[in-house]
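*Asks:* One structure, pasted below without further comment.
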Amino acid sequence: MTEIDGTFQKLRELARNLWWSWQPDIRAIFRELDPEIWRIVYHNPVALLQRINPDEISRRVRDLEMQTRINQAHRRLKQYLDGCDSWGTVHAGPLLAFPVAYFSAEFGLHQSLPIYSGGLGVLAGDHLKSMSDLGVPVVGVGLLYHQGYVHQLIDENGWQQDLYEPIAASELPVDPVRDAEGNQVRFAVELPGRQVWVKVWGVAAGRSRLLLLDARDDANTPEDQELTARLYGGDQETRIQQEILLGVGGFRALGRVGIKPSVLHLNEGHSAFALLERAREIVEHQGLTPQAALREVAATSVFTTHTPVEAGHDHFRADLASRHLEALAQGLGLPLSEVMALGSETPSDPAAPFCPTVLALKLTRRTNGVSALHGRVSRKMWHHLYPGGPEEQVPIGHITNGVHVRTWLAADMHALYVQYLGPRWLESLSRPELWSRSERIPEAELWEVHQVLKARLLTFVRRRLADRRERLGLPDPLQEPLHPEVLTLGFARRFATYKRADILFQDLDRLDRLVNHPERPVQIVFAGKAHPRDTGGKTLAQKVANLERDPRFAGKIVFVENYSMHVGRQLVQGVDVWLNAPRRPLEACGTSGEKCILNGALNCSILDGWWAEGYDGANGFAVGSGEIHAEPEIQDERDGLALFETLENEVAPLYYDRDATGLPLRWLQRVKRGMRTLAWRYNADRMVMDYVRECYLPAAGGETSRMPSR
Ligand SMILES: *Cc1c(COP(=O)(O)O)cnc(C)c1O
């Protein structure tokens, strides 16, 4: 093998482990190989290496500096994969031999693997990444949607057009998982009246592994092949069948691949059928009674719930559910009615719908919400399933979500932290002591870095706006949109109605005065997709897109289409303020605001989700004081007024309060207070450590006591 062949091989290996995505220097290698193609392939190194002209790669790689960087990156990857002195070896010993199996309908690891729709998926991706960094073995289990999630194009009327693009496995960082004979692992799952074959693909995310099931198998009818086409697509029937593939198929896949999980962790209820399949297997292989098997499953399983409204949980019609559960009930040796009762809120009523969340609540010993407030809301919401005791004793605790710092942090900020927190700061991320050192960061340096990041964001947004104008054949604007000196607010998330992207639009004159204030102007960058069937969400997106054309707001309120992890990363790194306006208490946690803390932005949010516990009076801005009104319209109106007040009276004055050198000193002190008080807690390393200590270790030990509510 020539040296160049060897280098190609190393590039390929780097591209096939998503570890590169949280290593800025490796991202830079791929980008520099061909910046134009890098952009066209959506930052997908697997596709890049296929599309780029081989002579061009050779030419670039022959460049000595590139060669050395690739060698070094490759060596670092090997060291990372082989590393054995991790947090996990010391603190998670019992999990080392038998990994945690983490089930989720979506995984947001990187924008080039589009099998996520929003926060739930990004959380799952961040979880796998921190498990990898901390050295706690985990295998993710999900579905490979071959059309991914919807792409959003905003048309000339501001309306969201949905576009699904087929993705080829050959262009994704997925590899067939092979059996001893070298064939891709595939097996059948029973669905009513037929079997559906699934193939298993593997993804590497650092030391974590992700198994993805795919129904595109020649043995299936064309309709069945479509079962794994789209994330959250189709009707109730498609949905329950997807959930059976995910839960039953996913658990079976672990066995086929030779993985014996110590603990099952279900990220939301979509994968709850895995619990029944595991019980069925215990009955079959260990000869336990169905009741004993169900107890065993409950003792070793963890369930995280994310949805604080009943309507947000799947409720499958009884006839639909019973048809789909027949095979499982038979395998378990239980009457169908008993299995149906496990997913019912009213077990005495045979016509009651089947709710996978209820199944998960009944069949896991450790259950948690994703913030302190959400834990309380969940205990209240599910109290009826635990009659006889007070609400506080409903066995649902909470572990607040955190974000994977290396994924969301700007490289320039990382450099600043290396200098002032120490070169090994990432290793003690979740220690409050580390963050007291953030006081040492000189405000002027922090401001400088922030302004660089902001300029980069504005360039990115302008380019996206220009792309859309070009596509729609619109003329260039008279003035460049957005200004680097203007206070910049960001609002980006799924356009679900409860998130209230339009909260400031209830008074457009007041918005006009806020945006066009002579001394303290404001500009707002929006992004977000609505679910294809959510007309309310699409109407929200349209309202935002149409404001762009109002001369009062042109170039000052802008909408970036096709929100993704990539768009999100630009935004959280470059804005001054992150806005969040959920209708309390509907935001179970919210994580996008957490991504801003370390990048030097301030949160301005309704006291909901993580912010209800994170806000301390001076580390960001609170909107209102956590009121809830029985009439949503009244609550929306009051929260809108409160947001205007906070922006006008607190946020803008503080931002434009400058010292003699033009520095917003008090603003930057608040940013630093945000880092000191929030960063140690709202990161995924802390979250994973909590799961290990409070859930995984007790579950792996088969402790039957329930997780304490905190
Ligand atoms: C972080 C993230 C989210 C979650 O945002 P919330 O504020 O929790 O709604 C959703 N989508 C993407 C692409 C993200 O990166």
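The values are calculated or read from the model by the stated rules, or taken from the named source; none is laboratory data. What you see is a predicted model, and the numbers here were worked out from it, not measured in a lab. When we count neighbours, we look across all protein chains shown, and the Cβ atoms used for this are built from the backbone with ideal geometry, even at glycine. For the accessible areas, the whole protein counts, side chains as well, though only heavy atoms, and no ligand, DNA or RNA atoms are used. Shrake-Rupley method; radii C 1.70, N 1.55, O 1.52, S 1.80 Å.
*Asks:* Looking at the range 591-602, which of the residues that are in contact with a strand residue (DSSP E or B) (Cβ under 6 Å, 6 or more places away or on another chain) and open to solvent by 10 Å² or more (accessible area, probe 1.4 Å) is nearest to the ligand (Cβ to nearest atom)?
*Replies:* The selected residue is 591.
*Asks:* Go through the range 563-583 and give me each residue that's near the ligand (Cβ under 7 Å from one of its atoms) and in a loop (DSSP other than H, G, I, E, B).
*Replies:* Of everything in the range 563-583, those that are near the ligand (Cβ under 7 Å from one of its atoms) and in a loop (DSSP other than H, G, I, E, B) turn out to be 563, 564.
Quick grid of which residues meet (1) open to solvent by less than 30 Å² (accessible area, probe 1.4 Å); (2) within 16 Å of the ligand (Cβ to nearest atom):
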residue	(1), (2)
401	yes, yes
404	yes, yes
411	no, no
428	yes, no
434	yes, no
438	yes, no
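*Asks:* Quick one: which of 278, 317, 207, 216 is charged (D, E, K, R) and buried (at least 24 other Cβ atoms within 10 Å of the Cβ)?
*Replies:* The conditions single out 278.
*Asks:* Next question. Got at least one residue in the range 584-594 being assigned to a strand (DSSP E or B) and touching a helix residue (DSSP H, G or I) at 6+ places or on another chain (Cβ under 7 Å)?
*Replies:* Looking through the range 584-594, none of the residues is assigned to a strand (DSSP E or B) and touching a helix residue (DSSP H, G or I) at 6+ places or on another chain (Cβ under 7 Å).
*Asks:* Of all residues in the range 490-511, how many are within 16 Å of the ligand (Cβ to nearest atom) and either in contact with a helix residue (DSSP H, G or I) (Cβ under 8 Å, 6 or more places away or on another chain) or not charged (D, E, K, R) (or both)? Give the steps one after another, and end with the answer.
*Replies:* Just the residues of the range 490-511 that are within 16 Å of the ligand (Cβ to nearest atom), to begin with: 490-503.
Going one step further and asking which of them are either in contact with a helix residue (DSSP H, G or I) (Cβ under 8 Å, 6 or more places away or on another chain) or not charged (D, E, K, R) (or both), we end up with 490-498, 500-503.
The total comes to 13.
*Asks:* Those residues that are assigned to a loop (DSSP other than H, G, I, E, B) and crowded, with 22+ Cβ neighbours inside 10 Å, I need them from the range 136-147; list them, please.
*Replies:* Hits for the range 136-147 are 136, 144, 145.
*Asks:* Right, something else. Yes or no: residue 514 more than 16 Å from the ligand (Cβ to nearest atom) and outside the structural domain of residue 308 (by TED's automatic domain parsing)? Lay out the reasoning, then the answer.
*Replies:* Working: more than 16 Å from the ligand (Cβ to nearest atom): yes; outside the structural domain of residue 308 (by TED's automatic domain parsing): yes.
Considered against the rule, which asks whether it is more than 16 Å from the ligand (Cβ to nearest atom) and outside the structural domain of residue 308 (by TED's automatic domain parsing), residue 514 comes out as yes.
*Asks:* Can you list the helices (runs of 4 or more DSSP H) found entirely within the range 51-123 that contain at least 2 residues being out of contact with any strand residue (DSSP E or B) (no Cβ under 9 Å at 6 or more places or on another chain), in the same structural domain as residue 37 (by TED's automatic domain parsing) and open to solvent by less than 30 Å² (accessible area, probe 1.4 Å)?
*Replies:* Working: elements: 54-62, 64-82, 87-91.
Those helices (runs of 4 or more DSSP H) span 54-62, 64-82.
*Asks:* Can I ask one more? Could you list all residues from the range 339-375 that are free of Cβ contacts under 8 Å to residues at least 12 places away in the same chain and part of a helix (DSSP H, G or I)?
*Replies:* Residue satisfying the conditions is 341 alone.
*Asks:* For residue 658, work out the one condition from (1) surrounded by 20 or more Cβ atoms within 10 Å (Cβ to Cβ); (2) charged (D, E, K, R); (3) part of a loop (DSSP other than H, G, I, E, B) it doesn't fulfil.
*Replies:* (1)
*Asks:* Here are some residues: 651, 692, 671, 688. Which one is under 30 Å from residue 362 (Cβ atoms), out of contact with any helix residue (DSSP H, G or I) (no Cβ under 6 Å at 6 or more places or on another chain) and of a type in the set (Val, Ile, Thr)?
*Replies:* Criteria check complete, one pass: 692.
*Asks:* Out of curiosity, is residue 622 more than 24 Å from residue 519 (Cβ to Cβ), of a type outside the set (Asp, Glu) and within 14 Å of the ligand (Cβ to nearest atom)? Full working, then the answer.
*Replies:* Values: more than 24 Å from residue 519 (Cβ to Cβ): yes; of a type outside the set (Asp, Glu): yes; within 14 Å of the ligand (Cβ to nearest atom): no.
No, not satisfied.
*Asks:* Identify the single condition in (1) out of contact with any Asp or Glu (no Cβ under 7 Å at 6 or more places or on another chain); (2) open to solvent by 20 Å² or more (accessible area, probe 1.4 Å); (3) more than 21 Å from residue 375 (Cα to Cα) that residue 575 does not satisfy, given that it satisfies every other one.
*Replies:* If we test residue 575 against (1) out of contact with any Asp or Glu (no Cβ under 7 Å at 6 or more places or on another chain); (2) open to solvent by 20 Å² or more (accessible area, probe 1.4 Å); (3) more than 21 Å from residue 375 (Cα to Cα), just (2) comes out false.
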